[in-house]
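Here the structure comes first, spelled out in structure tokens, and everything after it is commentary.
The values are calculated or read from the model by the stated rules, or taken from the named source; none is laboratory data. A quick note: this is a predicted structure, and the numbers were derived from the prediction, not measured. Ideal geometry is used to build each Cβ from the backbone, glycine not excepted, and the neighbour counts take in all protein chains shown. What goes into the accessible areas is simple: the full protein's heavy atoms, side chains included, and nothing from ligands, DNA or RNA. Shrake-Rupley method; radii C 1.70, N 1.55, O 1.52, S 1.80 Å.
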Amino acid sequence: MDQKIIYTITDESPALATSSLLPIVRAFTKTAGITIEEKNLSLAARILAVFPEYLTEEQRVSDDLKELGEFVKDPNANIIKLPNISASTFQLISAVKELQSKGYNIPDYPENPSGETEQEIKKRYDLIKGSAVNPVLREGNSDRRVPGAVKKFARKHPHTMGPWSKDSKTHVASMTDDDFYHTEKSIVLSRADSVKVVLAAEDGETVVLKESLPVLEGEILDSAVMRKSALRSFLRKQIADAKEKGVLLSVQLKASMMKVSDPIIFGHMISIFFEDVFDRYGEVFERLNINPEYGLEDMFSKIDTLSASQREQIYSSFEEVYRKQAKLTMVNLETGRTSLHVPSDVLIDASIPFAIKNSGKMLGFDGKMEDVKLIIPDSAYAPVYHNTIEFCKENGALDPKTLGSVANIGLMAQKAEEYGSHDKTFKIPYCGTVKVLDGSETVLMEQSVCEGDIFRMCQVKDIAVKDWVRLGVERARLTHTPALFWLDENRPHDAHLIDKVKENLKLLNTDDLEIRIMAPGDAVRFTLDWIRSGKDILSVTGNVLRDYLTDLFPILELGTSSKMLSIVSLLNGGVLFETGASGSAPMLVQQFLKEGHFQWNSLGEILALTESLEHIGNTCSNQKAAILSDALSKATQLFLENDRSPSEKVNELDTRGSHFYIMLYWARMLAGQDEDEQLKKIFGQVAQSLEENREKILKELLQKQGTGEDLGGYYLPDSDTVSSLMRPCKTFNSILTSLSDR
Ligand code: MG
């Protein structure tokens, strides 16, 4: 059997860290006969891969994402996937510019394409934007949990939790009608077919929104609408209410995931918050081709092209609004970046849990942490955050010392529940009726819509649901924890899922297990009560809550979600191990560039590797792989106990030094085991050399800090430069070389 681990190369901090860690991983795993194969999923590589005809022979790169998309269907797939950039339009354009400046003759990104060629170019680029990688690779359902070693450590050394007061004014605001939740319709297909989506306008004209969408028997299909006028009046009311209540204001979306719907909602937030400015300068904005969906930063960069006097006028009317309205939450105080500057800055799943951890407060423009109104327009999942916040007001902050753990099994396979993204969400061009038709043109569902409404559709394949229920049952049984399905019987889509869950549970014979089904709002209350008493529980959820809960609970339990194990149980038997959150990835690169100190924590990669090796041990009867895995798990405990994670401060241990310790502890554990003589001998020597040179290596690594660094590029840094900066210590490198050259 193929004993290979695929390792993905990505962007920013994870890519930098990998260039130091991967040589270690390669040398260690070679002793068990495992090869490591790299696949490049960086934004730069993905761009170059789709424009071969614009490049010279030498410049062309293979389409690694496409290859991996095939490989995930292989039963032997064993992939370690690092976080990559989910590119906003702004990031995409920056990357294109950088590549062009490096002699890659790729076309500009045509924001407003004219003609067929430009439209084709835009189409290729748009497929690279947002969460373009994960949907291709996630050919399975999701299994996420906190590793035992990490949980034990967190309970012993709890992170700080801000206290909660009953008088906290922090709250969630959601729409009560005319949002996706309240307009949802859902059907189950009785046979395989191809459906078509059309917009029948009031004047009789019909536009095809989606020509054909293949569907299978038993597939759930649903549609919903966010009505523009309702959304805008809701936002207007909430903005005024935040001012009245004297709280900060923050709109909570996930533009990188719901990449069609959420930027539109974000744009409405901007055009309403700054309504006075838009009223006064609407024409100028139109001339400048301003689209608020790209955020204030993009708007300002276009306004900056005007004459000084015009510019000043416009900016002063922005200032007027800032003075008059409720205060916005801030992303970066130094640069004055508000939460309306860049749509991809606002990530509901990360920002609300951190607010909960910080007594329900967020950062205001004067640097003070204050109570906040959290606007979550769609009401489907808002109750999860609402009830968590109310729970903290009633019971005080949760205590990480005693808190149980919430694992998650998430429905994700075959593009399940990919709401608001990709090819099934549309901004409606004019009033009429959206009709979903089957192959014989019979109407399956219809929604009446108006200009500017957002129509979204989503699908869930029956086989994905079956596998999801099976995985949930398997984990519940293995971990002896109750399983809670977070499904809302009042939602048409969830009602269909509930039927299927019940059907499958019957087939799986689960009398020995404790299984419940509850709507998200109730489920979160039940779960918080449960874990507060120190007990563990399994949440079995749809795709969106998979994303949200696997940040919410880890941030409450551990203070971070980067230490979660995230596994995709691929439908054909392979496994994909995903590593840590990338939220801090760009900031840490900035610090490295400024002061030569790099604090990306590779723990997520280490945890993934541990599982990946164990998987090889189990499925390929590779005893050495199992021993490597076990030793790495023990090394991780030691790593945590001795606090060898990178420090935040310059001239203290950074990522490179922490990799030294991983190698040292891993070698030590391998030298200390008695199951495999050969490994014991090899790593006895490695451990000894590392031990003997420890002071010297750590000193050399420290001396490399303190001065700014230049990577020779951001999206496509110079690989030799990166390698020499991330592996600057000759003594360390030569010990590693002697291991890999054996
Ligand atoms: Mg998430």
Exercise for the section: Calculate the all-directions average of the projected area of the range 625-740's alpha-carbon convex hull, and give it in nm². Expected result: 8.2
Practice task
Provide, for q = 0.14, 0.17, 0.21 Å⁻¹, the log10 of I(q)/I(0) from a solvent-free Debye sum over equal Cα point scatterers in the range 573-667.
Solution key: -0.58, -0.79, -1.02
Fill in the blank from the handout: Expressed as a percent, the accessible surface of the chain that is carbon or sulfur, using a 1.4 Å probe and the full set of protein chains, is 49
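So how many Å³ per residue does the convex hull of the Cα atoms of the range 58-216 work out to?
Values: hull volume 52.5 nm³, N = 159.
Dividing the Cα hull volume of the range 58-216 by its residues yields 330 Å³.
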Exercise for the section: Can you pull the one-decimal nm distance between simple spin-label points at E275 and E451, each 7 Å off the Cα toward Cβ? Expected result: 1.9
Practice task
Quick one: which residues, 5 or more positions from L347 or on another chain, have an amide H under 5 Å from its amide H? H modelled 1.01 Å from N in the peptide plane, none for Pro or chain starts.
Solution key: none
Problem - Q623 paired with S309, simple spin-label distance in nm, labels 7 Å along Cα-to-beta-carbon - result: 8.7
Completion exercise
quick shape note, the chain: Cα extents on principal axes in Å, largest first -> 81, 70, 61
Exercise for the section: List, largest first, the extents of the alpha carbons of the range 1-117 along their principal axes, each in whole Å. Expected result: 55, 29, 27
Practice task
Please report, in cubic angstrom per residue, the volume enclosed by the convex hull of the alpha-carbon atoms of the range 295-445.
Solution key: 223
Problem - Within the chain: Cβ-based charge dipole about Cα centre, in debye rounded to nearest 20 (Lys, Arg +1; Asp, Glu -1) - result: 2020
Fill in the blank from the handout: Placing +1 on each Lys and Arg Cβ and -1 on each Asp and Glu Cβ in the range 225-271, then taking the dipole about the Cα centre, the residue among I270, M226, A255 whose Cα reaches farthest towards the positive end is M226
Exercise for the section: Starting from the coordinates of the alpha-carbon atoms of the range 491-624, obtain the Kirkwood hydrodynamic radius over all distinct pairs and give the value in Å to one decimal. Expected result: 18.3
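Could you provide, to the nearest whole Å², the per residue accessible area of the range 69-187 with probe 1.4 Å? Each step should come with its number before you reach the end.
Details: 5340 Å² over 119 residues.
On a per-residue basis, the range 69-187 sits at 45 Å².
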Fill in the blank from the handout: Plugging the Cβ-Cβ distance of V321 and M369 into 1/(1 + (r/R0)^6) at R0 = 30 Å yields, to the nearest 0.05, a FRET efficiency of 0.85
Handout entry: the range 497-546, dipole about Cα centre (Lys/Arg Cβ +1, Asp/Glu Cβ -1), debye to the nearest 20
Key = 180
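Calculate, for the range 453-521, the solvent-accessible area per residue in square angstrom, rolling a 1.4 angstrom probe over the heavy atoms of the protein chains. Intermediate values should be presented prior to the final figure.
Values: 2960 Å² over 69 residues.
Per-residue value: 43 Å².
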Exercise for the section: Give the accessible surface of the range 679-742 per residue, rounded to a whole number of Å², with probe radius 1.4 Å and ligands, DNA and RNA excluded. Expected result: 55
Exercise for the section: Would you list which lysines come within 20 Å of K185, measuring only between C-alpha atoms, while excluding same-chain residues fewer than 8 positions from it? Expected result: K196, K210, K228, K415, K424, K427, K435, K461, K500
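Test of understanding: what is the full-extension gain from K156 to D643, defined as 0.36 nm times their sequence separation minus their Cα-Cα distance?
Details: separation 487, 0.36 × 487 = 175.32 nm, distance 1.27 nm.
174.0 nm is the gain from fully extending K156 to D643.
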Completion exercise
Given Cβ charges of +1 for Lys and Arg and -1 for Asp and Glu, the option among F90, H496, S612 whose Cα lies farthest towards the positive end of the dipole of the chain is S612
Problem - Cα pair distances of the range 532-587 binned at 10 Å [whole percent] - result: 19, 48, 27, 6
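Taking the convex hull of the Cα atoms, report for the range 660-719 its projected area averaged over all directions, in nm². List each step's numbers first, then the result.
Details: hull surface 24.2 nm².
One quarter of the hull surface, i.e. the mean projection, equals 6.0 nm².
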Completion exercise
Between the Cα axis of helix 655-672 and the main Cα principal axis of the chain, the angle (0 to 90°, nearest 10) is 50
Handout entry: When the convex hull of its Cα atoms is projected in every direction, mean area for the range 355-438 (nm²)
Key = 10.6
Fill in the blank from the handout: With Cα coordinates, the longest principal axis of the chain makes an angle with the long axis of helix 261-273, in degrees rounded to 10, of 60
Exercise for the section: Grab the Cα-Cα distance for T442 and E67, subtract it from 0.36 nm times how many residues apart they are, and report the gain in nm with one decimal. Expected result: 131.2 nm
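Taking the radius of gyration and the Kirkwood hydrodynamic radius from Cα positions alone, what is the Rg/Rh ratio for the range 467-538, to two decimal places?
Working: Rg = 12.3 Å, Rh = 12.7 Å.
For the range 467-538, the value is 0.97.
Which length gain, in nm to one decimal place, applies between K210 and S740 when the Cα-Cα distance is subtracted from 0.36 nm times their residue separation?
Working: separation 530, 0.36 × 530 = 190.80 nm, distance 5.31 nm.
My answer for the length gained is 185.5 nm.
Taking only DSSP H segments of four or more residues, each worth -39500 (n - 2.57), what value at 222 nm results for the chain once the sum is divided by all its residues, to the nearest 500 deg cm²/dmol? Numbers along the way, then the final one.
Numbers: 26 runs with 344 residues, N = 742.
Calculated from helices alone, the mean residue ellipticity at 222 nm is -15000 deg cm²/dmol.
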Problem - Virtual spin-label span in nm between D511 and E677, 7 Å along Cα→Cβ - result: 5.2
Completion exercise
Note, the range 605-611: 3J(HN,Hα) by Karplus (6.51, -1.76, 1.60, θ = phi - 60°), whole Hz, Gly/Pro = x, goes 5, 5, 5, 5, 5, 4, 5
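State the Kirkwood hydrodynamic radius of the range 183-317 in Å, one decimal place, computed from all pairs of distinct Cα atoms.
Working: mean 1/r = 0.0544 Å⁻¹.
Every distinct Cα pair counted, the radius reaches 18.4 Å.
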Practice task
Could you work out the Rg to Rh ratio of the range 417-525, with Rh taken as the Kirkwood radius (inverse of the mean 1/r over all Cα pairs)?
Solution key: 1.09
